[in-house]
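The values are calculated or read from the model by the stated rules, or taken from the named source; none is laboratory data. All values derive from a computational prediction rather than experimental measurement. So basically every Cβ, Gly included, is an ideal-geometry build from the backbone, and we count neighbours across all protein chains shown. Protein only, heavy atoms only, side chains kept; ligands, DNA and RNA dropped before computing areas. Shrake-Rupley method; radii C 1.70, N 1.55, O 1.52, S 1.80 Å.
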Amino acid sequence: MKTFDKKDVYSWSNAKDAKQYIGKDCYFADKLDTLKEKVNKNNMSMLQDVLNPGENYVQNIFCSTTDSCWGLCLPADKVIEVKEKKWRAFTLEEFLDRFSIGTKISFRRRDITRSTYGLFEGYQTDIDETETYHKIIICNLWYTLDDLFEKYEYLDEHGEWKSFGVEE
């Protein structure tokens, strides 16, 4: 994933400062949201000209080599690559380190804002021919660790909703 700092985006208010990027790769758009999309799609072209902002050029003042003019210009060298965090479900040991049997847990489905408050009553381990499955029992309902991770989140001690998982 790519991102940028909004202060690096040129608009009509600082257009003359963008002239140093003529002949260099930039991203262009008329709205900030569109600019973010173009950055993540790596949709850029070269800055060809910067028109003087004035009565006639309030909007589209950054001209690209695609014969289009835009209201916003972001130099490609101002874009940074952000390493995405990867998460996975708790292992049974990690879950038990976080929640002791008898702990009250406030949790909710990710797609529903209503939360449930229940007691962690225990767990069951099932073994079939190829895998071991752990089922967590909360409020007399059974959940796999994968289900908790994919569909639910819990309220931590700081009042923040967290995933039933850990960052790898």
Select from the range 112-127 the residues that are among the charged types (D, E, K, R) and either without any contact (Cβ under 8 Å) to a residue 12 or more places away in the chain or open to solvent by less than 70 Å² (accessible area, probe 1.4 Å) (or both) and list them in ascending order. 114, 126
Return yes or no: is residue 34 within 19 Å of the chain's Cα centre (by Cα) and either modelled with pLDDT under 90 or not in a strand (DSSP E or B) (or both)? yes
Could you say whether any residue in the range 45-53 is open to solvent by 20 Å² or more (accessible area, probe 1.4 Å), at pLDDT below 90, out of contact with any helix residue (DSSP H, G or I) (no Cβ under 6 Å at 6 or more places or on another chain) and outside any strand (DSSP E or B)? yes
Residue 67 meets each of (1) exposed (fewer than 13 other Cβ atoms within 10 Å of the Cβ); (2) among the acidic types (Asp, Glu); (3) free of Cβ contacts under 8 Å to residues at least 60 places away in the same chain; (4) under 18 Å from residue 2 (Cβ atoms) with one exception, condition (4)
Might you check whether a residue that is part of a strand (DSSP E or B) and within 22 Å of the chain's Cα centre (by Cα) occurs anywhere in the range 1-11? yes
Which is open to solvent by 60 Å² or more (accessible area, probe 1.4 Å), without any contact (Cβ under 8 Å) to a residue 12 or more places away in the chain and either in the same structural domain as residue 76 (by the TED database) or over 20 Å from residue 67 (Cα atoms) (or both), of 31, 41, 24, 19? 41
Restricting attention to the range 83-93, does a residue exist that is assigned to a loop (DSSP other than H, G, I, E, B), hydroxyl-bearing (Ser, Thr, Tyr) and loosely packed, with under 15 Cβ neighbours inside 10 Å? yes
Show the residue pairs meeting these rules: Cβ distance below 7 Å; 6+ apart or different chains; first residue within the range 128-147 and free of Cβ contacts under 8 Å to residues at least 24 places away in the same chain; second residue in a strand (DSSP E or B) and open to solvent by 90 Å² or more (accessible area, probe 1.4 Å). 135/123; 135/142; 137/123; 144/133
